[in-house]
Amino acid sequence: MDGLDFYLPAAVLFAAFAAKIPELARSRRDPLLLSMGGLLFVAGLVFLFAAPPTIVAVNDLTGVPNASAPLVYTVLTAFCASCLVLVVHWREERPGRARFVTRWVAGVYLAVIAALWALFLLADAPVERVHDLDTYYATTPYMREMIVLYLVAHLVASSVTGGLCWRWSLRVGGWLRGGLLLLVLGFLLNLGYDAAKFAAVFARWSGRDWDGLSTHTAPPLASSSALLIGLGFLLPRVGGTLSECWRAHRTYRRLGPLWRELRGIAPAAARPSVSWRDGSARLIARESAIYDGLLQLAPHLDGRVRAAAVARAAAEGAGPERAEAVGDAAMVAAALAGLGAGRVPRDPADGAAGVPPEGFRDLVGMAQALRTSPVVARARAAAAVRPRSAAAP
């Protein structure tokens, strides 16, 4: 289980990155998307290289005791930089400013990475330490400075990024706010990781043994933090997509009564060949079928029926938008009833134009009125038996 605790989060993060590869390939110049993909990939590398079996394998492969230490610190530092860069591209609306800050962050953290390797090469660390390197070498020259440097870089990135996310979360809402709050929580756990590590290192400097903070407390904080940060960056994008799919599905279902009324006169569009998985495409297909049906029904629509239904719905307490939707639905229901009774189309010269000048704007309202409005029901019943000259529902 020692390595599984690290490899499972790495697998999840790499899977999330792999799922974004097609989108990355299509939008290779989108800095926000590239930053998000880079963050997921680097976060996966953190868990991969920090796993004890990987640490042992890298040390054995290189033949250098503790060669994994600067490698792990490098990917962790790169992860810190990736978080800062992604927040910059996420928040900054000025592309030039975002590029400037990105170059500045990259330069600073590349310098930190170079310093980490230089300090490791100068240090004398002959004893391999898989679990407790930070505390074992906390007093060793150059290793001490390397450990402090990576912790300071991590602390600064977590503090700055967490603070930016918190201030931003106070001004937004919805999925974005939820994602930012997850990020804030993740960076708070990062600060807890840094506090545990610093406490253990400082304890070594003063002759105390608080190694448990570094070996047992800090790693779970780091794992939880990385997962929360990954989820925080993904939530607004995934949540927004899910919300759009849900809205499309809900609208699709609410249009059902109107679509079922009209599909008999627009058979070519009655059953569009669109996958049920693509909610937006299904909604567009259903709306197209409805408009095709209304176009076929246009010669039978009577504006006098609509006007009378609007007046009746308003008199019964409906608001303006609801009354207009009831009027449109009543006109459609009456036309369908007349068509079913074999009545001939309306003469365009009789002055009773059926389609409103602005068109049918509220298809969902029409669909719901067809299903629930007594005004529409009365218009349908009256049209099935009255001559064309009778307009009122």
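Coordinate-derived values only; no laboratory data. Everything numeric here is computed off the predicted structure, so don't read it as measured data. In this analysis, Cβ positions are derived from the backbone assuming ideal geometry, glycine residues included, and neighbour counts consider all displayed protein chains.
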In vacuo Debye sum over C-alpha of the stretch 1-145, base-10 log of normalised intensity I(q)/I(0) at q = 0.10, 0.12, 0.14 Å⁻¹, listed in q order, is -0.42, -0.59, -0.77
Could you please report the charge total around Arg144, scoring K, R as +1 and D, E as -1 over all other residues with beta-carbon less than 12 angstrom from its beta-carbon? -2
Explain nothing, just the number: dipole magnitude of the chain about its Cα centre with +1 on each Lys and Arg Cβ and -1 on each Asp and Glu Cβ, in debye rounded to the nearest 20. 1960 debye
Rg/Rh of the stretch 158-251 (Cα atoms, Kirkwood Rh), to two decimals, equals 1.20
Full-stretch length increase - Ala311, Ser243 - with 0.36 nm per residue and alpha-carbon distance subtracted: 20.8 nm
Segment Asp30-Thr372, extension gain: residue separation times 0.36 nm, minus the distance between their alpha carbons: 118.4 nm
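Can you give the FRET efficiency for Glu321 and Ser288, using 1/(1 + (r/R0)^6), R0 = 22 Å, r = Cβ-Cβ distance, to the nearest 0.05?
Values: r = 23 Å, r/R0 = 1.06.
E(calc), rounded to 0.05, equals 0.40.
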Largest first and in whole Å, give the semi-axes of the stretch 212-262's equivalent ellipsoid, each being the square root of 5 times a Cα gyration tensor eigenvalue. 47, 8, 4
Along the Cα→Cβ direction, 7 angstrom out, place labels at Arg253 and Arg177. What is the inter-label distance in nm? 2.6 nm
For the stretch 1-81, what is the largest minus smallest coordinate of the Cα atoms on each principal axis, given in angstrom and ordered from greatest to least? 42, 24, 20
Mean 1/r over distinct Cα pairs of the chain, inverted to a Kirkwood Rh in Å, yields 25.8 Å
Using only the alpha-carbon atoms, what does the stretch 84-224 span along each of its principal axes? Please give whole angstrom values in decreasing order. 49, 29, 23
